[in-house]
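The values are calculated or read from the model by the stated rules, or taken from the named source; none is laboratory data. What you see is a predicted model, and the numbers here were worked out from it, not measured in a lab. Quick reminder, even Gly has a Cβ in these numbers, built from the backbone with ideal geometry, and neighbours come from all protein chains shown. With ligands, DNA and RNA removed, areas are computed over all heavy atoms of the protein, side chains included. Shrake-Rupley method; radii C 1.70, N 1.55, O 1.52, S 1.80 Å.
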Amino acid sequence: VEGVLEVETALSNRAWLMKIKKNRPFFTWKVAATLDGKVAATDGTSKWISNTTSRADVQTLRRQSDAILVGTNTVITDNPHLIPQGEFAGYSHNPIRVICGEKELPPNSLIFDSAAKTEVVKSKNLDILVEKLNELGVNQVFVEAGPTLSSAMLDHCLMDELVIYQAPSLLGSGKSFFSFGQESTIENQLRLDHISTEVLDGDVKSVYRIRNGE
(Lines give C-alpha, C1' and ligand atoms only; values in the text may rest on other atoms or scores of the structure.)
Protein backbone atom coordinates (compact mmCIF):
# COMPACT_ATOMS: atom_id res chain seq x y z
CA VAL A 1 0.00 0.00 0.00
CA GLU A 2 1.44 3.33 -1.07
CA GLY A 3 0.94 6.78 0.43
CA VAL A 4 0.03 5.67 3.98
CA LEU A 5 3.10 7.22 5.60
CA GLU A 6 2.54 10.44 3.67
CA VAL A 7 -1.04 10.73 4.98
CA GLU A 8 0.02 10.02 8.58
CA THR A 9 2.84 12.56 8.37
CA ALA A 10 0.51 15.24 7.00
CA LEU A 11 -1.97 14.58 9.83
CA SER A 12 0.60 14.73 12.63
CA ASN A 13 2.19 17.88 11.18
CA ARG A 14 -1.02 19.60 10.05
CA ALA A 15 -0.58 22.62 12.34
CA TRP A 16 2.97 23.30 11.17
CA LEU A 17 1.96 22.77 7.53
CA MET A 18 -0.92 25.23 7.90
CA LYS A 19 1.43 27.90 9.29
CA ILE A 20 3.71 27.41 6.26
CA LYS A 21 0.84 27.32 3.76
CA LYS A 22 -1.40 30.14 5.02
CA ASN A 23 0.70 31.93 7.65
CA ARG A 24 -1.85 31.25 10.37
CA PRO A 25 -2.51 28.64 13.06
CA PHE A 26 -4.47 25.44 12.54
CA PHE A 27 -7.93 25.71 14.15
CA THR A 28 -9.60 22.65 15.67
CA TRP A 29 -13.26 23.27 16.48
CA LYS A 30 -14.63 21.28 19.42
CA VAL A 31 -18.38 20.81 19.77
CA ALA A 32 -20.45 18.85 22.30
CA ALA A 33 -23.99 18.49 20.98
CA THR A 34 -27.16 16.42 21.06
CA LEU A 35 -28.07 14.27 18.07
CA ASP A 36 -30.15 17.16 16.72
CA GLY A 37 -27.18 19.52 16.90
CA LYS A 38 -28.09 21.51 20.00
CA VAL A 39 -25.39 22.83 22.35
CA ALA A 40 -27.77 24.44 24.85
CA ALA A 41 -31.43 24.24 25.82
CA THR A 42 -33.85 27.12 25.33
CA ASP A 43 -33.25 28.21 28.94
CA GLY A 44 -29.51 28.50 28.23
CA THR A 45 -28.40 25.45 30.21
CA SER A 46 -25.72 23.30 28.59
CA LYS A 47 -23.96 21.31 31.35
CA TRP A 48 -23.56 18.53 30.75
CA ILE A 49 -24.46 17.35 27.24
CA SER A 50 -21.50 15.00 26.79
CA ASN A 51 -20.52 12.30 29.28
CA THR A 52 -17.47 12.10 31.56
CA THR A 53 -15.49 9.95 29.12
CA SER A 54 -15.93 12.53 26.36
CA ARG A 55 -15.01 15.35 28.69
CA ALA A 56 -11.83 13.51 29.69
CA ASP A 57 -10.98 13.11 26.02
CA VAL A 58 -11.39 16.87 25.56
CA GLN A 59 -8.76 17.44 28.24
CA THR A 60 -6.23 15.53 26.13
CA LEU A 61 -7.01 17.69 23.08
CA ARG A 62 -6.65 20.81 25.20
CA ARG A 63 -3.30 19.62 26.47
CA GLN A 64 -2.03 19.06 22.91
CA SER A 65 -2.90 22.61 21.85
CA ASP A 66 -0.85 25.82 22.00
CA ALA A 67 -3.92 27.93 22.76
CA ILE A 68 -7.57 27.56 23.75
CA LEU A 69 -9.92 30.09 22.15
CA VAL A 70 -13.35 31.23 23.31
CA GLY A 71 -15.48 34.33 22.85
CA THR A 72 -16.44 36.88 25.46
CA ASN A 73 -19.99 35.45 25.58
CA THR A 74 -18.62 32.09 26.75
CA VAL A 75 -16.60 33.71 29.53
CA ILE A 76 -19.55 35.79 30.73
CA THR A 77 -22.06 32.91 30.57
CA ASP A 78 -20.01 29.90 31.69
CA ASN A 79 -16.95 31.37 33.46
CA PRO A 80 -14.68 28.57 32.20
CA HIS A 81 -11.18 27.98 33.56
CA LEU A 82 -9.83 26.61 30.23
CA ILE A 83 -7.06 24.63 31.91
CA PRO A 84 -6.46 20.97 30.97
CA GLN A 85 -7.52 18.71 33.85
CA GLY A 86 -5.57 15.54 34.60
CA GLU A 87 -2.02 14.26 34.62
CA PHE A 88 -0.06 14.80 31.40
CA ALA A 89 3.64 13.94 31.25
CA GLY A 90 6.06 16.01 29.20
CA TYR A 91 4.28 19.39 29.33
CA SER A 92 5.87 22.30 31.15
CA HIS A 93 3.06 24.87 30.91
CA ASN A 94 -0.62 25.22 30.12
CA PRO A 95 -1.99 26.43 26.75
CA ILE A 96 -2.51 30.17 26.35
CA ARG A 97 -6.11 31.24 26.96
CA VAL A 98 -7.32 33.57 24.19
CA ILE A 99 -10.58 35.50 24.50
CA CYS A 100 -12.02 37.23 21.43
CA GLY A 101 -14.80 39.80 21.44
CA GLU A 102 -15.77 43.31 22.43
CA LYS A 103 -17.83 42.70 25.59
CA GLU A 104 -16.41 43.67 28.95
CA LEU A 105 -15.37 40.68 31.03
CA PRO A 106 -15.93 40.33 34.79
CA PRO A 107 -12.58 41.01 36.49
CA ASN A 108 -13.03 37.96 38.73
CA SER A 109 -13.38 35.55 35.78
CA LEU A 110 -11.43 32.31 36.20
CA ILE A 111 -9.49 32.97 32.99
CA PHE A 112 -7.67 35.80 34.76
CA ASP A 113 -5.95 33.60 37.35
CA SER A 114 -2.27 32.63 37.21
CA ALA A 115 -2.74 29.07 35.94
CA ALA A 116 -1.91 30.14 32.36
CA LYS A 117 -1.29 33.20 30.25
CA THR A 118 -4.46 34.95 29.05
CA GLU A 119 -4.72 37.22 26.02
CA VAL A 120 -7.87 39.25 25.35
CA VAL A 121 -8.35 40.30 21.72
CA LYS A 122 -10.94 43.04 22.11
CA SER A 123 -12.22 42.96 18.54
CA LYS A 124 -14.64 41.13 16.27
CA ASN A 125 -12.13 41.45 13.44
CA LEU A 126 -10.85 37.91 12.85
CA ASP A 127 -7.83 39.14 10.91
CA ILE A 128 -6.72 40.93 14.08
CA LEU A 129 -7.25 37.68 15.99
CA VAL A 130 -5.01 35.77 13.57
CA GLU A 131 -2.38 38.52 13.76
CA LYS A 132 -2.31 38.27 17.57
CA LEU A 133 -2.06 34.47 17.47
CA ASN A 134 0.87 34.72 15.07
CA GLU A 135 2.57 37.22 17.39
CA LEU A 136 2.15 34.70 20.21
CA GLY A 137 3.84 32.01 18.12
CA VAL A 138 0.77 29.77 18.24
CA ASN A 139 0.44 26.90 15.74
CA GLN A 140 -2.43 24.81 17.13
CA VAL A 141 -5.61 26.46 18.42
CA PHE A 142 -8.39 24.53 20.16
CA VAL A 143 -11.65 26.43 19.62
CA GLU A 144 -14.25 26.01 22.38
CA ALA A 145 -16.25 29.09 21.42
CA GLY A 146 -20.01 29.32 21.24
CA PRO A 147 -22.07 29.46 18.03
CA THR A 148 -21.57 33.19 17.36
CA LEU A 149 -17.77 33.23 17.19
CA SER A 150 -17.49 29.70 15.78
CA SER A 151 -19.91 30.43 12.94
CA ALA A 152 -18.09 33.66 12.12
CA MET A 153 -14.77 31.80 12.01
CA LEU A 154 -16.26 29.11 9.78
CA ASP A 155 -17.63 31.76 7.44
CA HIS A 156 -14.17 33.40 7.44
CA CYS A 157 -12.50 30.09 6.45
CA LEU A 158 -10.74 29.85 9.81
CA MET A 159 -11.91 26.38 10.83
CA ASP A 160 -9.79 23.46 9.67
CA GLU A 161 -11.03 20.53 11.70
CA LEU A 162 -14.24 19.70 13.55
CA VAL A 163 -14.21 17.37 16.56
CA ILE A 164 -17.80 16.75 17.59
CA TYR A 165 -19.02 14.74 20.57
CA GLN A 166 -22.64 13.74 19.98
CA ALA A 167 -24.62 12.58 23.00
CA PRO A 168 -27.44 10.04 22.53
CA SER A 169 -30.07 12.64 23.33
CA LEU A 170 -32.49 15.05 21.67
CA LEU A 171 -33.55 18.55 22.69
CA GLY A 172 -35.86 19.48 19.81
CA SER A 173 -35.32 23.18 20.42
CA GLY A 174 -32.45 25.27 21.72
CA LYS A 175 -29.19 26.69 20.44
CA SER A 176 -27.60 25.02 17.40
CA PHE A 177 -23.82 24.75 17.31
CA PHE A 178 -23.55 26.89 14.19
CA SER A 179 -25.59 29.18 11.97
CA PHE A 180 -24.75 31.52 9.11
CA GLY A 181 -27.92 33.55 9.62
CA GLN A 182 -28.99 33.32 5.99
CA GLU A 183 -31.27 31.19 3.87
CA SER A 184 -29.72 27.99 2.62
CA THR A 185 -30.34 25.48 -0.12
CA ILE A 186 -29.21 21.89 -0.39
CA GLU A 187 -26.85 22.94 -3.17
CA ASN A 188 -24.77 25.23 -0.94
CA GLN A 189 -24.36 22.85 2.00
CA LEU A 190 -20.88 22.75 3.49
CA ARG A 191 -19.41 19.30 2.89
CA LEU A 192 -16.85 17.88 5.33
CA ASP A 193 -14.34 15.05 4.90
CA HIS A 194 -14.73 12.31 7.49
CA ILE A 195 -11.48 11.37 9.26
CA SER A 196 -12.52 9.09 12.13
CA THR A 197 -15.33 8.02 14.47
CA GLU A 198 -15.29 6.25 17.83
CA VAL A 199 -17.81 5.55 20.57
CA LEU A 200 -17.00 6.86 24.06
CA ASP A 201 -19.36 5.15 26.52
CA GLY A 202 -22.35 5.98 24.35
CA ASP A 203 -21.25 9.36 23.03
CA VAL A 204 -20.03 9.38 19.43
CA LYS A 205 -16.84 11.30 18.74
CA SER A 206 -16.29 12.16 15.07
CA VAL A 207 -13.47 14.10 13.47
CA TYR A 208 -13.92 15.90 10.15
CA ARG A 209 -11.68 17.95 7.88
CA ILE A 210 -13.23 21.28 6.86
CA ARG A 211 -12.38 22.08 3.26
CA ASN A 212 -12.41 25.91 3.52
CA GLY A 213 -13.31 26.30 -0.13
CA GLU A 214 -10.59 23.93 -1.36
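Of note:
- Inter-residue pairs, beta-carbon under 6 Å, first free of Cβ contacts under 8 Å to residues at least 12 places away in the same chain and in the range 179-206, second β-branched (Val, Ile, Thr), 6+ apart: 196/207
- Condition check for residue 106: open to solvent by less than 90 Å² (accessible area, probe 1.4 Å), in a loop (DSSP other than H, G, I, E, B) and over 30 Å from residue 167 (Cα atoms): yes
- Options 146, 86: the member that is over 17 Å from the mean Cα position of the chain (by Cα) and within 23 Å of residue 49 (Cβ to Cβ): 86
- Here the condition is being closer than 21 Å to residue 65 by Cα and β-branched (Val, Ile, Thr); of 197, 148, 185, it holds for 197 alone.
- Selected residue (criterion: most open to solvent (accessible area, probe 1.4 Å)) from residues of the range 62-92 that are under 22 Å from residue 25 (Cα atoms) and among the charged types (D, E, K, R): 66
- Some residue of the range 127-138 being within 13 Å of the chain's Cα centre (by Cα) and not polar (S, T, N, Q): no
- Complete set of residues in the range 120-156 that are open to solvent by 40 Å² or more (accessible area, probe 1.4 Å) and either in a strand (DSSP E or B) or touching a Cys at 6+ places or on another chain (Cβ under 6 Å) (or both): 120
- Restricted to the range 1-85, the set of helices (runs of 4 or more DSSP H) holding at least 1 residues that are modelled with pLDDT of 95 or more and not aromatic (Phe, Trp, Tyr) comprises 52-63, 72-78.
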